[in-house]
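S.K.: One structure, pasted below without further comment.
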Amino acid sequence: MSILYPGFLWLMIPIGILFWYREKKLMETVHLIILVLIVLALSRPVFMQGVEESPIEAQEYIIALDVSYSMRAKDISPDRYTFAKETIAALLKQNPADNIMLIAFTTNPLLLSPPTTDHVLIETALKSLNPEYILTKGTSLQKLFEKVASMKSREKHLILISDGGEEKDLSRLEETVKKGNIHLHILALGSTEGTTVETSDGSLLKDKEGQLIISRTNPLLEALASATGGSYMTAASTPEATAGALYDALQAQNSLRQQVTKKQHRYTELYGIPLFFAALLFMMLHIRAVRYLLVALAFLGITAEASMLDGYRVHQAYKAYDTDDLNSSESWLKQVDVPSLQSRFALGSVYYKKGEYAKALKLFASIRSTDAAVKQKLYYNIANCYAREEAYEKAKIYYTKALQLGEDEDARANLALVALLADKRSTELGIAHPKSQSSGTSKSQEQKESKEESRSEDQPSSGSGSGGENSKSKKEQEKKKLLLDPDAEQQPLSSKVYELINKGYINEQKPW
């Protein structure tokens, strides 16, 4: 990185002194930081990308533009002055490598731009020139030639754009041009008939005696060009055509052009960075609405980014869950920045499937929702967790809550089985998997009841003894009746079972 205008960095010294002796207040400190950023922007930091070198043919020219009152005459559309400016702008585009100096003159010459190949700078100087600020009425070619002759260049190619004014001393002008080694190229603007000149207030320009001034092209210009060996031309139909003809005349007279190597630095401007932060700090400090807006935009940006990442993580968690990779699924769900209802349901299901029922129960119990369908699934999952931990009384409560919010076959079947287990803890019961927030009802696990009948018969055995005979004895064992065997004698029902029968959740004839 380089600094194009390092002189501005000297301003850091007084800013540093102010910073050292400042009051320890936030407002004052931020103001000093803003000043530092502005100074950095003024110093024009750039990132250098390299130097381009290219051989070109170039020539040095001095353009002298007459800006006197007479150039406001409108015998050339729209007027002489505007036509001259547009001609110069078109001439600059003919060869961007030419080194050009721009001078404006009336009774005295005024340097607008030193010799430069940066034609954009010359165009900027032209645009900033306002004829409304020109107060002098005369034109002095003599002072212009003397100024050009005093320049150190060995040869001076002067492009004179003027109507000639009221100059009459041809011999003196000729002598100055020749002594100063000036190659003269004249573009005469105006007409031989002449026209009146308007002032800034719209009135016509008059002389000291009150007579209207008629501005014509001074014939002295053509005579001067002929006497000094220069070129002379008048305006063409358009500024572009005039610039083309003028450039051709310059080329014909200057057969030997300089072969130079043009070096151009390529760089990227960086001044916008400190300037942006300076403006941002100023607005945040003094404009409350902007401060709130920036905070809101930053929050929305962070929220949007977090939402996109969370959606991706939940998707990956579901993929891992479907392949029974429960550890990966848990890892993805724990990376979610803003847990949603869906992600919390999914994490609870992962805990349940891994057999970590206490974690699943804690997570399901922490979820809050006003939606009846969501609450029903929550109650069902909580009941399943309690059932797996053999807390059957609590499981019955949450199965009942789930059924109060809507009919569910799984919940009804599990409630009946849990009610039985509450009285007979020896009965084995399978509990259905938990419901996820995005899934429907799952199939209930039906408890299979089996009957076992065991029969044993004593086989006849032969024995020896006096007067004894072999006999067969058959012993029948009583059938072992299971707790859930419908043919077995029913066990007495508990008060909880009667309560469920009254609510209609259990069949009164066959409560088991």
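Every number here is computed from the coordinates shown, using simple stated rules; none is lab data. Computed from a predicted model, the values in this text were never measured in an experiment. Every residue, glycine among them, receives a Cβ derived from its backbone with ideal geometry; neighbour counts consider all protein chains shown.
S.K.: Lys and Arg at +1, Asp and Glu at -1: add these up for the other residues within a Cβ distance under 15 Å of residue 90 and post the number.
M.R.: -2
S.K.: Okay, next question. In terms of modelled amide H atoms, which long-range or inter-chain residues lie less than 5 Å from the amide H of residue 99?
M.R.: 59, 60, 61
S.K.: Pull up all non-local amide H partners of residue 163: gap of 5 or more, or a different chain, and H-to-H distance under 5 Å with H placed in the peptide plane.
M.R.: 189
S.K.: Roughly how many debye, to the nearest 20, is the charge dipole of the stretch 147-198 about its Cα centre, given +1 on each Lys and Arg Cβ, -1 on each Asp and Glu Cβ, and no other charges?
M.R.: The calculated dipole for the stretch 147-198 is roughly 560 debye.
S.K.: In this model, which of 178/206; 74/178; 74/147; 353/396; 74/127; 354/377 are farther than 31 Å apart at the alpha-carbon?
M.R.: Those over the limit are 178/206; 74/178.
S.K.: What is the order of 152, 168, fewest Cβ neighbours within 10 Å to most?
M.R.: 152, 168
S.K.: Using θ = phi - 60° and the Karplus curve 6.51 cos²θ - 1.76 cosθ + 1.60, what whole-Hz ³J(HN,Hα) does each residue of the stretch 340-348 get, with Gly and Pro shown as x?
M.R.: Listing the rounded values in order: 9, 4, 5, 5, 6, 4, 5, 5, x Hz.
S.K.: What ³J(HN,Hα) values, in whole Hz, does the Karplus curve 6.51 cos²θ - 1.76 cosθ + 1.60 give for the stretch 221-226 when θ = phi - 60°, with x put for Gly and Pro?
M.R.: Coupling constants for the stretch 221-226: 4, 5, 5, 5, 5, 5 Hz.
S.K.: What is the set of long-range amide H partners of residue 156 at a cut-off below 5 Å, with H atoms built 1.01 Å from backbone N?
M.R.: 183
S.K.: Related question: When a footprinting reagent is the concern and you count Cβ atoms within 10 Å, what order do 1, 71 take, fewest first?
M.R.: Fewest-to-most ranking of 1, 71: 1, 71.
S.K.: Here is a follow-up. For the stretch 360-423, which GluC sites (Glu not before Pro) are in a loop by DSSP, counting at most 15 other Cβ atoms within 10 Å?
M.R.: 389, 390, 407
S.K.: Which listed residue (219, 180, 159) has the Cα farthest towards the positive end of the charge dipole for the stretch 60-256, taking +1 on Lys and Arg C-beta and -1 on Asp and Glu C-beta about the Cα centre?
M.R.: Of the candidates, 180 comes out farthest on the positive side.
S.K.: Taking R0 as 60 Å, what's the FRET efficiency between residue 372 and residue 130 from their Cβ-Cβ distance, rounded to 0.05?
M.R.: After rounding, the FRET efficiency stands at 0.15.
S.K.: Here is a further query. Below 13 angstrom from the Cβ of residue 141, what's the summed charge of the other residues (Lys, Arg +1; Asp, Glu -1)?
M.R.: Here the charged neighbours net out to -4.
S.K.: Follow-up. What is the local net charge at residue 321, summed over the other residues whose Cβ is closer than 12 Å to its Cβ (Lys, Arg +1; Asp, Glu -1)?
M.R.: -1
S.K.: With charges set only on the Cβ (+1 for Lys and Arg, -1 for Asp and Glu), what does the dipole of the stretch 60-256 come to about its Cα centre, in debye to the nearest 20?
M.R.: Approximately 420 debye in magnitude.
S.K.: When the Karplus curve 6.51 cos²θ - 1.76 cosθ + 1.60 is applied with θ = phi - 60°, which whole-Hz ³J(HN,Hα) does each residue of the stretch 381-395 get, with x for Gly and Pro?
M.R.: 5, 4, 4, 4, 4, 4, 5, 5, 8, 6, 8, 5, 5, 5, 4
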